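*Asks:* Got a structure for you, questions after.
The values are calculated or read from the model by the stated rules, or taken from the named source; none is laboratory data. Here the structure is a predicted model, which is why all the values come from computation and not from measurement. Cβ placement follows ideal geometry from the backbone for every residue including glycine, while neighbour counts extend to all protein chains displayed. When the accessible area is computed, the model is the full protein with side chains, heavy atoms only, and any ligands, DNA or RNA have been set aside. Shrake-Rupley method; radii C 1.70, N 1.55, O 1.52, S 1.80 Å.
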Amino acid sequence: MTRHFLDLDLVEGQDLRRIIDDARAFKDGALALKPMTGKTLAMIFDKPSTRTRVSFEVAARQLGGDPIVLYSRDMQLGRGETIEDTAKVLSRYVDAIMIRTDEHEKLNQLARYATIPVINGLTDRSHPCQVMADVMTIEQHRGPIRGKKLAWTGDGNNMVTSFIQAAVRFDFELAVACPPELMPEPEVLAWAGERQGRVSVTHDPAVAASDADVVLTDTWVSMGDADAERRHRLLAPFRVDGALMAKARGDAIFLHCLPAHRGEEVTAEVIDGPQSVVFDEAENRLHAQKAILAWCLAS
Ligand code: CP
Ligand code: NVA
């Protein structure tokens with residue numbers, strides 16, 4: 001069975017736990033495997049990236065492999081070659097594919113036709129590799145995530161989809177505060193509800209942040225969003241500032257997947273302050289990518 005890493009609802013909880021533990025072991029130096037020796041990772045980008053691109057590229061090299069970075073605009077994919085044919089061709093050359101794209105269905109199609117592992121490096125719907133690094137970061141600073149309260153405030157976007165799935169898989173409480181116009185996907189909320197996930201949605205950031213162990217947010221305007229002005233208007237009450245952090249536990253930490261916009265979704269006082277762990281979070285992308293690649297290639 002080809003092991004794809006497409007979304008956190010499609011990977012068993014025990015496998016996700018093992019990936020987090022392996023990521024920690026890679027970071028600590030307890031794991032020094034090179035499961036990509038002689039193997040190649042192709043990375044396809046339909047959207048810009050700093051962290052995902054560099055962390056996957058370095059991860060592949062540190063695991064003994066060779067990364068290839070492809071921008072879809074420079075590929076025949078950008079002039080109409082099908083995803084199906086692209087998947088079949090790349091499967092003859094390389095050992096795994098990571099893709100960052102817009103429509104989630106493009107990721108699914110690539111996985112359907114590839115005979116090698118496909119990894120979701122962000123779509124309009126979800127960002128599972130980032131949330132794995134976030135779980136790792138929370139455990140690094142606050143111990144086991146099980147039973148903790150995480151508060152999300154802002155857009156009900158692709159990060160939220162992956163956090164809702166993670167809440168079920170890792171058994172933590174997730175309180176989402178977002179405007180009614182920018183709610184998380186109903187399907188993912190229903191999926192969590194069917195599994196007794198402890199996920200709640202409010203329109204009041206103070207309610208979500210109350211007694212939280214972790215406060216989370218993200219940009220107000222994701223890549224591909226065309227309604228920046230409307231989003232700024234709707235999301236202004238959801239900014240993370242010192243007053244909102246004061247609603248959380250005294251030892252609460254602040255995470256943001258980055259890139260950040262100081263003065264918009266978060267004040268400089270918070271993101272550059274003592275509760276912020278955003279650069280540990282960015283570093284952990286590297287360790288998490290190594291564990292994700294090792295898991296995919298172990299199939
Ligand atoms: N957080 C994240 O995915 O960053 P990049 O867009 O820089 O890859
Ligand atoms: N929600 C953001 C995440 C960036 C890493 C976006 O999709 O642009």
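*Asks:* Name the single residue, out of those in the stretch 251-266 being crowded, with 16+ Cβ neighbours inside 10 Å and assigned to a loop (DSSP other than H, G, I, E, B), that is farthest from ligand 1 (Cβ to nearest atom).
*Replies:* Among them, the one singled out is A252.
*Asks:* Failed condition for H287, given (1) within 16 Å of ligand 2 (Cβ to nearest atom); (2) part of a helix (DSSP H, G or I), with all others met?
*Replies:* (1)
*Asks:* Among the numbered criteria (1) in contact with a Leu (Cβ under 6 Å, 6 or more places away or on another chain); (2) within 16 Å of ligand 2 (Cβ to nearest atom); (3) of a type in the set (A, V, I, L, M, F, W, C); (4) without any contact (Cβ under 8 Å) to a residue 40 or more places away in the chain, which one does W152 miss?
*Replies:* Only one criterion is unmet by W152, namely (4).
*Asks:* Answer with yes or no whether L6 is at pLDDT below 95, on the phi < 0 side of the Ramachandran plot and open to solvent by less than 50 Å² (accessible area, probe 1.4 Å).
*Replies:* For L6, the condition - at pLDDT below 95, on the phi < 0 side of the Ramachandran plot and open to solvent by less than 50 Å² (accessible area, probe 1.4 Å) - is not met.
*Asks:* Something else about it: What tally of residues in the stretch 175-185 results from selecting those that are touching a residue at least 40 places away in the same chain (Cβ under 8 Å) and either part of a helix (DSSP H, G or I) or within 16 Å of ligand 1 (Cβ to nearest atom) (or both)?
*Replies:* 2
*Asks:* Search the stretch 49-72 for residues being in contact (Cβ under 8 Å) with a residue 12 or more places away in the chain, over 20 Å from the mean Cα position of the chain (by Cα) and not in a strand (DSSP E or B), and hand back the single one that is nearest to ligand 1 (Cβ to nearest atom).
*Replies:* Taking the candidates together, the pick is S72.
*Asks:* Take the stretch 271-299 and flag every residue that is surrounded by 23 or more Cβ atoms within 10 Å (Cβ to Cβ) and either of a type in the set (D, E) or closer than 30 Å to R233 by Cα (or both).
*Replies:* The one that is surrounded by 23 or more Cβ atoms within 10 Å (Cβ to Cβ) and either of a type in the set (D, E) or closer than 30 Å to R233 by Cα (or both): E281.
*Asks:* Out of (1) within 16 Å of the chain's Cα centre (by Cα); (2) farther than 22 Å from H4 by Cβ, what's the single condition that is false for N120?
*Replies:* (2)
*Asks:* Within the stretch 228-245, is even one residue part of a loop (DSSP other than H, G, I, E, B) and surrounded by fewer than 24 Cβ atoms within 10 Å (Cβ to Cβ)?
*Replies:* Taking every residue of the stretch 228-245 in turn, at least one turns out to be part of a loop (DSSP other than H, G, I, E, B) and surrounded by fewer than 24 Cβ atoms within 10 Å (Cβ to Cβ).
*Asks:* Which of the residues belonging to the stretch 42-84 are more than 16 Å from ligand 2 (Cβ to nearest atom), closer than 13 Å to L293 by Cα and surrounded by 17 or more Cβ atoms within 10 Å (Cβ to Cβ)?
*Replies:* A42, E57, A59, A60, Q62, L63, G65, P67
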